[in-house]
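Structure first, commentary second.
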Amino acid sequence: MIHLYTGPTLSASEPALAAPGLRVLPPARHGDLFDTAIGAGDTVVLIDGLYHQAPALRHKEIPAMGRGVTVLGAASIGALRAAELGPYGMVGVGSIYTAYVRGDIDGDDEVAAGQAPDGAFAALTWPLVNLRHVLAMAVDAGVLDGVRAAGLLAALRSVYYPQRTGAAVRAVCRREGEEEFAWWLTRQREQDPHFGDLKRADALAAVRAALAGTAAARAATGLPVGETTYFRRWSNAAVRERVDGVELSTEDRVVYQQVFDPAFHMRWAAYLEHLSRHPADGEPGMPLAVRLARATGGHLSADRVFHPVLDLRDAQTVTLLLAGESAEDRRAVAHYAEVLAGARRNRPGFCADAVRDDLAQDLLLRVWGCADHELDAQASARGLVRAAGAVEAAKRLVPGFLEESKRTEAAHAGR
């Protein structure tokens, strides 16, 4: 399967996008490459990505996104990321990618284009690389000389990319005394709507390369990339599962159990035992008690010594940690997520990280029924390491918990 992230460089009406085995997706944003539909043997073609109105695709999530997946980049953010990540196996296609590699261009603004906000992802502005291209074509056609083309490029580059519309390009040309070039460009575009669209040409070349399967060998030569802490955090946040007819975040479900399941310390102990007997590094397994005795002489509990980083893509891990989950718990997780999403909608810029520490700590003290000085021990037994980690994890639950508490108090008052 080929997974193509594009728009506005390639429109949905492009004939090439109707090829069998091609899955066409909107511009990529942070987290999209953790899509469980992308598997070993697949190819990802990265053309366009969001970066102004949504978190951009991070470098570290591209080469480590999954073993056995070929990643091509071209035309827009795909060309830029391929030039940066070529040593790690990402494959670049096209003249824009080549220009980045050679250092002929180096800015993100070279490929940036304003997009329609209605979900159609249509381009509203001219990207600088396309303007460079048409100026070079104008020089070849004798419409401009090199000095005038360079001056006009500098003037066009000074326009902020979301404002570099066709009307703005014509206005700059008039201001610079280059009406002849503006009329020439208009005539060319009337004859061919794609005239000078270098990004589109490169994107189509990348699609053809993916369909031909010629990029896999080049991708296999990349340097090995280990999973960083950031990658694991992002991948965990992206894991979702449809349960009871509702799509839920697996991470939300685990955190809910860590906070609200009174028996979760036993789930965590079972998980540590599993890891000890089945180590991921290929070393011989052994009972947790034996490993603990070797590490500390048995003077500390296992949860105070071993702090594994969860991988929620692993089915066995999820099964062990959610062993005590009920249907009622899942309904609560869905409700808490809905309340959090509502808070984000009603308060622009709000996120779970913005929740006050004291509110999250109060939630933990009330649910765990412990004193302040006992929070570290409670958090450790539940796999949250220490109180500070538990507070950060619990912040996503605070809006829903407060809403639920107010509803319960109101019901009691009405009796």
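Here, each number is a calculation from the coordinates, and none is a lab measurement. Just so you know, these numbers come straight off a predicted model, no measurement behind them. Please note: Cβ atoms are built from the backbone with ideal geometry, for glycine as well, and neighbour counts cover all protein chains shown.
Under a cut-off of 16 Å between alpha-carbon atoms, report the aspartates and glutamates in cross-link reach of LYS60, not counting same-chain residues fewer than 8 places apart.
Leaving aside aspartates and glutamates fewer than 8 places away in the same chain, those within reach of LYS60 are ASP32, ASP35, GLU84, GLU227.
Stretched out fully, how many nm does the piece from VAL147 to ASP314 gain, at 0.36 nm a residue minus the Cα gap?
Working it through step by step, the gained length comes to 54.2 nm.
Can you tell me what the convex hull of the Cα atoms of the stretch 1-143 projects to on average, as an area in nm²?
For the Cα atoms of the stretch 1-143, the hull's average projected area reads 9.3 nm².
ASP362 to SER11: FRET efficiency via 1/(1 + (r/R0)^6), r the Cβ-Cβ distance, R0 60 Å, to the nearest 0.05?
Calculated value: 0.70.
What number, in nm² with one decimal, is the all-direction average of the projected area of the convex hull of the alpha-carbon atoms of the stretch 68-142?
Approximately 6.4 nm², given one-decimal rounding.
Suppose we look only past 25 Å in the calculated P(r) of the stretch 286-415. What percent of the Cα-Cα pairs does that tail hold?
The share of Cα pairs beyond 25 Å in the stretch 286-415 comes to 40 percent.
Per 0.36 nm of contour for each residue apart, how much would the distance between HIS59 and ALA136 grow if the chain were fully extended, relative to their Cα-Cα spacing?
Full extension from HIS59 to ALA136 adds 24.6 nm.
As I understand it, the value is the acute angle between the Cα axis of helix 327-346 and the longest principal axis of the Cα atoms of the chain; what does it come to in degrees, rounded to 10?
It works out to around 40 degrees.
What percent do you get for the relative contact order of the chain when only Cα pairs under 8 Å and 6+ apart count?
RCO, the chain: 12 percent.
Counting Lys and Arg as +1 and Asp and Glu as -1, each charge on the Cβ, what is the dipole of the chain about the Cα centre in debye, to the nearest 20?
60 debye
Kindly write out, for the stretch 90-104 in residue order, the coupling ³J(HN,Hα) from the Karplus curve 6.51 cos²θ - 1.76 cosθ + 1.60 (θ = phi - 60°), rounded to whole Hz, with x marking Gly and Pro.
For the stretch 90-104, the Karplus-derived couplings read 6, 9, x, 9, x, 6, 5, 4, 4, 5, 5, 4, 6, x, 5 Hz, x marking Gly and Pro.
For a Förster distance of 56 Å, can you work out the FRET efficiency between the beta-carbons of HIS278 and ARG187, rounded to the nearest 0.05?
For R0 = 56 Å, the calculated efficiency reads 0.20.
Using a Förster distance of 56 Å, how high is the FRET efficiency between PHE195 and GLU241, based on the Cβ-Cβ distance and rounded to 0.05?
0.70
Within the chain, what percent of beta bridges assigned by DSSP are antiparallel, to the nearest 5?
Of the beta bridges lying entirely in the chain, close to 25 percent run antiparallel.
Can you pull the one-decimal nm distance between simple spin-label points at HIS299 and MET286, each 7 Å off the Cα toward Cβ?
1.9 nm
Divide by every residue of the chain the summed helix terms, -39500 (n - 2.57) for each DSSP H run of at least 4, and state the resulting mean residue ellipticity at 222 nm, rounded to the nearest 500 deg cm²/dmol.
Helix-only estimate at 222 nm: -14500 deg cm²/dmol.
Using the scaling law 2.2 N^0.38 Å as the reference, what is the normalised Cα Rg of the stretch 336-384?
So the Cα radius of gyration is 1.41 times the expected 2.2 N^0.38 Å.
Would you mind computing Rg(Cα) / (2.2 N^0.38 Å) for the stretch 128-196, counting N as its residues?
For the stretch 128-196, the normalised Cα radius of gyration is 1.00.
What number, in nm² with one decimal, is the all-direction average of the projected area of the convex hull of the alpha-carbon atoms of the chain?
Mean shadow area of the hull around the Cα atoms is 26.7 nm².
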